[in-house]
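Written below as structure tokens is the structure these notes are about.
The values are calculated or read from the model by the stated rules, or taken from the named source; none is laboratory data. Values in this document were obtained by computation on a predicted structure and should not be read as measured data. Accessible surface is based on the protein model in full, side chains and every heavy atom, while ligands, DNA and RNA are left aside. Shrake-Rupley method; radii C 1.70, N 1.55, O 1.52, S 1.80 Å.
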Amino acid sequence: MHNFFRTLAPERFEADVVIHADGSYAYSYDGALIFTPALIQACHAGCLDPQFEVRLKNAATQLLSEGFAEASYVGRGRYRVILRRAVADGRPSYFPSREMTIFTIRPRHDGAILVMGSRPDATAPCQLIGTDAEIDGRLTVTLDPGIEVISQNAQSKLPTFDARSRYHWRIKSPDADPFIIVKPT
């Protein structure tokens, strides 16, 4: 459990990022996180050691202490979590941690903001092969009116009922690489 946050991977989730015209932003994650070593052990052994399951269940309190609004252990190395954060001072955010990011939001020196998905090391996709992991997520980035899009690789631009722009990615593998670079007004 020493490297708990370094080994969390997304499974089924919805992640939303909202970038405001003043450069502040908010983000949320609602879904499952997998403690990858437990998933691998469960697939190789058929089940997890009961003492290990207890330690994993107790680790949900660690997620709560890190600011998750909800965190519960659902078994087989999986957590059901909800996180909501707002950042106003131009600091970067790494979700769930700097060591293992599912997505990052990084203001740049030129005033632009980069939102991008994880770029795992070469072994990350291999670690989940042969497990029962079902990566199926959605990342949506919503922009206030007047924010310039510099570059992006969204799969679609969603219709809105207001003057905001909304970009969408469906994430089905750990090596997905969504990104958008924007410049607030």
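Before moving on, here are some points about what is shown:
- Convex hull volume per residue in cubic angstrom - Cα atoms of the chain: 118
- Accessible carbon and sulfur surface of the chain relative to its total accessible area, %, 1.4 Å: 51
- Looking at region 68-112, the accessible area is 54 square angstrom per residue; that uses a 1.4 Å probe and ignores ligands, DNA and RNA.
- Helical mean residue ellipticity (222 nm; -39500 (n - 2.57) per DSSP H run of 4+; nearest 500) of the chain: -4000 deg cm²/dmol
- Equivalent ellipsoid semi-axes, region 61-117, via Cα gyration tensor eigenvalues times 5, rooted, Å: 27, 12, 8
- Entry note, region 37-93: relative contact order of 28 percent, from Cα contacts under 8 Å with a spacing of 6+ residues.
- Beta bridges per DSSP, both residues in the chain: antiparallel share near 85 percent.
- Here's how it looks for Glu70: its modeled amide H is under 5 Å from those of Ile82, which are all 5 or more places away or on a different chain.
- Between 0 and 90 degrees, the angle of helix 36-45 with respect to the longest Cα principal axis of the chain falls at about 40 degrees.
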